[in-house]
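Student: Dropping the structure in here first, questions after.
The values are calculated or read from the model by the stated rules, or taken from the named source; none is laboratory data. Values in this document were obtained by computation on a predicted structure and should not be read as measured data. Glycine gets a Cβ as well: all are built from the backbone with ideal geometry, and neighbour counts include every protein chain shown. Just the protein is used for accessible areas: all its heavy atoms, side chains included, with ligands, DNA and RNA removed. Shrake-Rupley method; radii C 1.70, N 1.55, O 1.52, S 1.80 Å.
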Amino acid sequence: MAKTISAYDKEVSDDLYGSGSRYVSKQRLEAMLDNEWTQLLTQLGKTRGPQTRFFCFVDTVSARNFAGTNDSHGWIGLRFQLQPGGPPNDVLLHINMRDPSNVLQQQAIGILGVNLIYAAFYEVQTKESFLEGLTQDVVAERIEIDYVDLRGPAFESWDRRALQVHLVRAGLAETVFFPANGSTVPPTEVLHKKAVVLAPGYFGHTDPVHSHVHLRLLASAIQELQGDLGETKPEPAGFFCLNVAPFTPDEPAPEIPDLLRRIDALLAAGGDVLLFRKPELYHMTALVNRHTQAPVRVVGGLSLVIRAFEDVYGNLEGRLLEALARLFAQNVRIYVYPMTVADLREWLKSASAIGWEWSETNGWVSASQLRRAPPLGHLFTYLLASNFLVPMRLPVEA
């Protein structure tokens with residue numbers, strides 16, 4: 001170990017790494033890595049370079065404040081050589097800290113940092129071995145890793161996008177973000193203080209026609225929320241939402257290539273994608289509400305609402321009532337598009353859902369025309385009357 005340094009004061013940090021960027025950001029992390037790496041090579045390259053593998057570990061973190069009112073997150077970076085004098089390799093992580101106290105968060109980051117250094121030198125054979133070594137003794141309940149950026153020859157054979165999916169499948173992240181345009185960023189950067197529209201689905205049809213229809217429905221929901229907010233507010237952010245859970249309890253979890261195939265079809269149509277670990281709607285909205293207090297809307301067809309009523313929710317003490325309370329607790333509404341009678345019948349049959357009745361208009365059924373037998377029917381009627389469920393009309397283009 002050649003040197004350790006902690007720049008707690010902002011002016012000291014600016015003097016070392018330059019000003020102009022947020023202190024807890026990827027830009028600041030990269031400036032820290034560049035500065036410390038250059039100094040390391042300048043000071044020790046001639047004397048120890050031929051026989052030493054160098055590394056620099058840096059982090060910039062917003063740990064829990066005394067009142068617990070801040071977003072506890074941070075950036076961690078490592079630059080290292082696989083052989084003396086070799087080219088540098090970088091690992092950049094964005095983390096969310098889940099421990100309830102500053103001291104525990106400090107401890108968890110220390111463990112993660114030691115793991116990262118060890119894994120980079122000894123466990124880079126596969127992404128699975130690397131992530132397993134990285135997260136040893138730091139379970140997902142303590143630190144969530146929702147973004148990884150890898151650079152250098154040590155990772156040439158790695159599929160970066162598959163690694164992002166693996167973060168969710170392995171339980172290391174609740175969600176990761178795939179952009180239609182631009183570079184990948186942590187979910188918090190696209191959700192922060194934004195009004196948000198979520199479009200959950202399986203999206204098994206990956207042809208351009210289906211993808212275009214999905215995009216039009218999402219765009220229509222964004223327009224609807226924009227009208228509720230007023231034209232002076234920034235345009236809401238919209239995301240397609242997939243999850244890594246099995247489609248039915250009897251099926252295996254989807255494989256990474258299948259998930260990437262569905263994600264790629266939505267990206268090709270021009271839509272951004274959030275990949276979630278859990279399928280329940282209240283999990284999705286709870287994560288979004290970690291990063292924004294603005295309105296959140298979920299958009300989907302009648303099948304989305306029916307599934308929400310039919311799920312067992314065996315992991316919750318209050319079952320369906322608790323699930324709905326969590327879902328609608330923080331300024332959440334569901335925009336519900338109609339379905340054809342034929343599609344509705346087929347979906348109810350495949351889901352073994354009973355007790356639903358409806359009237360129709362020209363072969364279509366809207367949320368306001370759907371009825372559920374009592375006693376759940378009373379709850380469904382209440383959600384409609386209270387505007388938690390908002391019937392929508394299909395856009396012409398869809």
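Student: Return the sequence-ordered ³J(HN,Hα) values of region 299-314 in whole Hz as given by the Karplus equation 6.51 cos²θ - 1.76 cosθ + 1.60 applied to θ = phi - 60°, using x for Gly and Pro.
Tutor: The phi angles translate into 10, x, x, 4, 4, 4, 6, 4, 4, 4, 7, 8, 4, 7, 6, x Hz.
Student: I would also like to ask the following. At 1.4 Å probe size, with the rest of the protein present, what percent of the exposed accessible area of region 88-203 is carbon and sulfur atoms?
Tutor: Exposed carbon and sulfur together represent 51 percent of the surface.
Student: Assigning unit charges at the beta carbon (Lys, Arg +1; Asp, Glu -1) and nothing else, what dipole magnitude in debye, to the nearest 20, does region 73-189 show about its Cα centre?
Tutor: 180 debye
Student: Helix 160-169 versus the longest principal axis of the chain: what is the Cα-based angle in degrees, 0 to 90, to the nearest 10?
Tutor: In the chain, helix 160-169 runs at an angle near 60 degrees to the longest axis.
Student: Once the other residues with Cβ under 15 Å from the Cβ of residue 133 are scored (Lys, Arg +1; Asp, Glu -1), what is the net sum?
Tutor: Residues near residue 133 contribute -3 overall.
Student: For region 285-398, what % of the accessible area comes from carbon and sulfur atoms, probe 1.4 Å?
Tutor: Its accessible area is 52 percent carbon and sulfur atoms.
Student: For the chain, what is the calculated [θ] at 222 nm in deg cm²/dmol (nearest 500), taking -39500 (n - 2.57) for each run of four or more DSSP H residues and dividing by its residue count?
Tutor: Value at 222 nm, helices only, nearest 500: -12500 deg cm²/dmol.
Student: Another question, if that's okay. Using amide H atoms built 1.01 Å from N in the peptide plane, name the residues 5+ places from residue 180, or on other chains, whose amide H lies under 5 Å from its own.
Tutor: Placed amide hydrogens put 272, 273 under 5 Å from residue 180.
Student: Oh, and also: Could you let me know the centre-to-centre spacing of region 360-396 and region 248-286, using Cα atoms, in angstrom?
Tutor: Spelled out, the Cα-based centre of one part sits 26 Å from the other.
Student: Still on this structure, please answer the following. Given a Förster radius of 25 Å and the C-beta distance between residue 362 and residue 213 as r, what FRET efficiency does 1/(1 + (r/R0)^6) yield to the nearest 0.05?
Tutor: In this case the efficiency is close to 0.85.
Student: Region 179-321: percent of C-alpha pairs farther apart than 21 Å?
Tutor: Cα-Cα pairs in region 179-321 separated by more than 21 Å: 46 percent.
Student: Relative contact order for the chain: what is it in percent, counting Cα pairs under 8 Å that are at least 6 residues apart? Before the final figure, lay out each step's value.
Tutor: Numbers: 630 pairs, mean separation 42.2, N = 398.
RCO, the chain: 11 percent.
Student: The list (1) 21.7, 70; (2) 20.1, 64; (3) 24.0, 83 gives values of Rg and Dmax of the Cα atoms in Å, and only one came from this structure; which label was calculated from it?
Tutor: Here the calculated entry is (3).
Student: Solvent-accessible area per residue for the chain at a 1.4 Å probe radius, Å²?
Tutor: 50 Å²
Student: Take the chain, connect every pair of alpha-carbon atoms lying under 10 Å apart with a spring to form a Gaussian network, then pick out the residue of 183, 19, 366 with the largest mean-square fluctuation.
Tutor: In the Gaussian network model the winner is 183.
Student: Could I ask something else about it? Please give the Cα centre distance for region 164-182 versus region 101-158, rounded to the nearest Å.
Tutor: 15 Å
Student: Also: Taking θ as phi - 60°, what are the ³J(HN,Hα) couplings along region 206-218 by the Karplus curve (6.51, -1.76, 1.60), each to the nearest whole Hz, with x for Gly and Pro?
Tutor: Result, ordered by residue: 9, 6, x, 5, 5, 4, 5, 4, 4, 5, 5, 5, 5 Hz.
Student: Further, regarding this structure: Quick check: the angle from helix 256-269's long axis to the longest principal axis of the chain, C-alpha only, nearest 10 degrees?
Tutor: Between the helix axis and the principal axis of the chain, the angle is about 70 degrees.
Student: Another question, if that's okay. Tell me the angle of helix 26-48 to the major Cα principal axis of the chain, expressed in degrees between 0 and 90 and rounded to the nearest ten.
Tutor: In the chain, helix 26-48 runs at an angle near 20 degrees to the longest axis.
Student: Check which residues have an amide H placed less than 5 Å from residue 73's amide H, if you skip close sequence neighbours.
Tutor: Those lying under 5 Å, H to H, from residue 73 are 62, 97.
Student: Rounded to whole Hz and in sequence order, give me ³J(HN,Hα) for region 343-352 from the Karplus expression 6.51 cos²θ - 1.76 cosθ + 1.60, θ = phi - 60°, writing x for Gly and Pro.
Tutor: 3J(HN,Hα) across region 343-352, in whole Hz: 5, 5, 4, 5, 5, 4, 5, 5, 8, 6.
Student: With just the Cα atoms defining each centre, how far is region 1-72 from region 293-352? Give it in Å.
Tutor: 46 Å
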